[in-house]
1. Go over the candidates 18, 47 one by one and state the one that is within 22 Å of residue 97 (Cα to Cα) and touching a residue at least 24 places away in the same chain (Cβ under 8 Å).
2. Within the range 200-224, how many residues are touching a residue at least 60 places away in the same chain (Cβ under 8 Å) and within 27 Å of residue 252 (Cβ to Cβ)?
3. In the range 69-82, what residues are surrounded by 21 or more Cβ atoms within 10 Å (Cβ to Cβ) and not in a helix (DSSP H, G or I)?
4. Please specify each residue of the range 163-184 satisfying the condition of being touching a residue at least 24 places away in the same chain (Cβ under 8 Å) and over 18 Å from the mean Cα position of the chain (by Cα).
5. Go through the range 93-103 and count every residue that is touching a helix residue (DSSP H, G or I) at 6+ places or on another chain (Cβ under 6 Å) and either assigned to a helix (DSSP H, G or I) or over 30 Å from residue 279 (Cβ atoms) (or both).
6. Of all residues being part of a loop (DSSP other than H, G, I, E, B) and touching a helix residue (DSSP H, G or I) at 6+ places or on another chain (Cβ under 6 Å) in the range 116-157, which is surrounded by the most Cβ atoms within 10 Å (Cβ to Cβ)? Just the residue, please.
7. Which condition breaks for residue 183 when tested against (1) part of a helix (DSSP H, G or I); (2) out of contact with any helix residue (DSSP H, G or I) (no Cβ under 6 Å at 6 or more places or on another chain); (3) modelled with pLDDT of 95 or more?
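The values are calculated or read from the model by the stated rules, or taken from the named source; none is laboratory data. Just so we're clear, the structure is a prediction, and the values are computed from it rather than from any experiment. Glycine also receives a Cβ, built like all others from the backbone with ideal geometry; neighbour counts cover every protein chain displayed.
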């Protein structure tokens, strides 16, 4: 039995889609109704990291688990790992971040991910770590500006990032969940080239066949934008991450996707072609397009 957490998120949903539908896959969600709507052929169970009995129910009979946590102010990883050990889970595949390898990265989010990795290594279970660079799908945050004013606004627009298609991260996760030989491995996952926000804007303009303008944000403007959706410590962590990107810390390209899956990592152009409708039509009231 394979358990997938974070199944309604960017990578988790692609992991579920990549696994064989049926009784051997289970999805854990705080909102089972939402997960059931997305994955009607997969069993969904209610589970919350802060609710030990729900974790025990979700993990019953599970041998391999995909672990996604998103709250740096919580001990969700520790709670899940403890419950997994009690339930007899054999291996945990953990979604981490490439920044953990950067000695200069000392922000809140990176420190939290490093601690989670250390916890998993020491827990006695088999483990596999996935360390993606930024997701190409982060550019979806530009969609409203492109639709309303043909403008992309971002911080440090000429700084390169070897961003990765979330589908490629998910495919590596599926391999780690379903195959032997991945225990004790840490996979750094990137796209095939490092791109700047200016270059991504240019690519989107070509695909949309419209002229797009890039507008550089100041640090204060970026802080104000982020503050609308993130608590202050997370905002400062994201700004520190952007500063490291400006210094070139995120430009290294790895061939891990091809090595693990046998297929080259997708380019930003491929990702954008598959999601171009998001930049041309607004979501409806249900959040779908």
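1. Values: 47 fails: within 22 Å of residue 97 (Cα to Cα).
Going through 18, 47 in turn, the sole match is 18.
2. Summing the residues that are touching a residue at least 60 places away in the same chain (Cβ under 8 Å) and within 27 Å of residue 252 (Cβ to Cβ) in the range 200-224 gives 9.
3. The answer is 69, and nothing else.
4. Taking the range 163-184 as the starting set, the residues that turn out to be touching a residue at least 24 places away in the same chain (Cβ under 8 Å) are 163-178, 182-184.
Listed by number, the residues that qualify are 178, 182, 183, 184.
5. Within the range 93-103, the first condition is being touching a helix residue (DSSP H, G or I) at 6+ places or on another chain (Cβ under 6 Å), and the residues that meet it are 93-94, 96-97, 99-100.
Now narrow it down to the ones that are either assigned to a helix (DSSP H, G or I) or over 30 Å from residue 279 (Cβ atoms) (or both): 93-94, 99-100.
So the answer is 4.
6. Here is the first cut: in the range 116-157, the ones part of a loop (DSSP other than H, G, I, E, B) are 123-125, 133-134, 150, 156-157.
Filter once more, so that each one left must be touching a helix residue (DSSP H, G or I) at 6+ places or on another chain (Cβ under 6 Å): 123, 133, 156-157.
Values: 123: 16, 133: 24, 156: 19, 157: 18.
Among those that are part of a loop (DSSP other than H, G, I, E, B) and touching a helix residue (DSSP H, G or I) at 6+ places or on another chain (Cβ under 6 Å), it is 133.
7. (1)
So that you can scan it fast, the table gives a plain yes or no per residue for (1) surrounded by fewer than 13 Cβ atoms within 10 Å (Cβ to Cβ); (2) in contact with a helix residue (DSSP H, G or I) (Cβ under 9 Å, 6 or more places away or on another chain); (3) over 30 Å from residue 172 (Cα atoms):
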residue: 191; (1), (2), (3): no, yes, no
residue: 211; (1), (2), (3): yes, yes, yes
residue: 228; (1), (2), (3): yes, no, yes
residue: 257; (1), (2), (3): no, yes, no
residue: 263; (1), (2), (3): yes, yes, no
residue: 266; (1), (2), (3): no, yes, no
residue: 271; (1), (2), (3): no, yes, no
